[in-house]
Each structure stands twice: as C-alpha cells, then as structure tokens.
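Trainee: One structure coming up, written as structure tokens, with questions to follow.
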Amino acid sequence: MLCSATNAVGACFVFPMEITLTTPALLFPALSLLLLAYTNRFMALANRVRTLKPQYISTHSPSVMAQIVNLRKRLYIVRNMQVVGIGAMFGCVLCMLLLFLGFQMAGTVVFGASLVGLLVSLGMSLRELIISVEAIKLELSDLETEEEQRIIAEVQVRPRAKSATADVAEDLDG
C-alpha cells in the first residue's frame, strides 16, 4: 500500500487524491462570483429595509413590520454566508501556501475544510432563498387583501345598482 502520509506512531494515511497548486486556484473565480452575489443580495435586502422603515413609521402596518422582521432574519443569514464564504476563500489561499511550501497532507486537509465551508455557505444560501419566499408571500398578502376588499365592495354595489334599475323600470311601466 502506498502511504500519502504517516503519523507519529507510523500509521499510514491514504489520501485518494493528490492535489496540486492549481486545484484550489480553480475555486477562486467561483468563490469570487459567489461572494459578489452574496454582497449584492445583502445590499438589496438592506436597501429594502431602509425603504420599509419610513413606511412602517407612517402606517404602523403589521404587514410591513412582518416584512422588516423577515428581512432582518435574511440579512443575518446573508452575513453568515459571507463570513463562511470568506473563510472558504481564506482556506483555499492557505491550502495553496501549504502546497507551495511542500506540506501536501496539511494542504489537502485545509482544502477539504474549504470545500466543507463552501457547502455550508451554499446551504445557508438555500435557507435564505426559502425564507425569501415567505417575504414575497407577506408582500403579496397586502395585495390579496386589498383585492378581496375591492371585490367585496364591488359585489355590494351591484345589487343596489340592479335594484335602482328595476325601480326605474317599474316607474316607467306604472
């Protein structure tokens, strides 16, 4: 058996893959774009909160407050996504340094940890996406309520209009 590394007692560790300096470098474009997307998402959420705050102050609408609470939760998640994503990028740089210095096993372990960090960050992104659907539901609930009220008012007005027409028809007949 070919050992990739041995520990102090002489136990053999086999790493199925030997990574080169270019392996972690391949993640840089993906991580850079991912962090840019996270930053854009954070800024969009922060701007939305800034827009809703004066609206809540003037209306004290429970729906607006629910949206603000939802956005705050999403902002924390996006911030954590950024932190973990930056940690993954840092791990890739550290991995490259370790590989450059000849510490193959340490570089492989750090690279694996970077991949785990990237997975965690993507998992948080999925969670934030699920929460964003809740935010859209909250925003649309106001519209649905207004539409329901408009339909109810329209239905209440129609019978009166029909009875007024019937009264005029009776006056003409009589």
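Trainee: Do we have Arg79 as closer than 23 Å to Leu122 by Cβ and touching an Asp or Glu at 6+ places or on another chain (Cβ under 6 Å) here?
Mentor: It is false that Arg79 is closer than 23 Å to Leu122 by Cβ and touching an Asp or Glu at 6+ places or on another chain (Cβ under 6 Å).
Trainee: Report, ordered by the first and then the second residue, all pairs with beta carbons closer than 6 Å, sequence separation of six or more or different chains, a first member in region 84-106 that is more than 12 Å from Leu27 (Cβ to Cβ), and a second member that is not aliphatic (A, V, I, L, M).
Mentor: The qualifying pairs are Val84/Gly117; Val84/Ser121; Gly87/Gly117; Leu98/Gly107; Leu99/Gly107.
Trainee: Give the residue that is farthest from Gly87 (Cα to Cα), with candidates limited to residues of region 9-20 that are touching a helix residue (DSSP H, G or I) at 6+ places or on another chain (Cβ under 9 Å) and either surrounded by fewer than 13 Cβ atoms within 10 Å (Cβ to Cβ) or at pLDDT below 70 (or both).
Mentor: Checking each candidate, the answer is Phe13.
Trainee: Does Glu139 count as among the acidic types (Asp, Glu), open to solvent by 60 Å² or more (accessible area, probe 1.4 Å), in contact (Cβ under 8 Å) with a residue 60 or more places away in the chain and assigned to a helix (DSSP H, G or I)?
Mentor: yes
Trainee: Please go through region 93-112 and give me each residue that is open to solvent by less than 60 Å² (accessible area, probe 1.4 Å) and under 26 Å from the mean Cα position of the chain (by Cα), ordered by number.
Mentor: If the condition is that a residue be open to solvent by less than 60 Å² (accessible area, probe 1.4 Å) and under 26 Å from the mean Cα position of the chain (by Cα), then Phe111, Gly112 are the ones that fit.
Trainee: Just need a number here: residues in region 33-48 that are open to solvent by 40 Å² or more (accessible area, probe 1.4 Å) and more than 30 Å from Gly112 (Cα to Cα).
Mentor: Of the residues in that region, 4 qualify.
Trainee: Only one of Ala5, Ala30 is open to solvent by less than 30 Å² (accessible area, probe 1.4 Å) and modelled with pLDDT under 90; which?
Mentor: Ala5 is the lone residue from the list that is open to solvent by less than 30 Å² (accessible area, probe 1.4 Å) and modelled with pLDDT under 90.
The values are calculated or read from the model by the stated rules, or taken from the named source; none is laboratory data. All values derive from a computational prediction rather than experimental measurement. In this analysis, Cβ positions are derived from the backbone assuming ideal geometry, glycine residues included, and neighbour counts consider all displayed protein chains. Side chains are part of the model used for accessible areas, which takes the heavy atoms of the whole protein and leaves out ligands, DNA and RNA. Shrake-Rupley method; radii C 1.70, N 1.55, O 1.52, S 1.80 Å.
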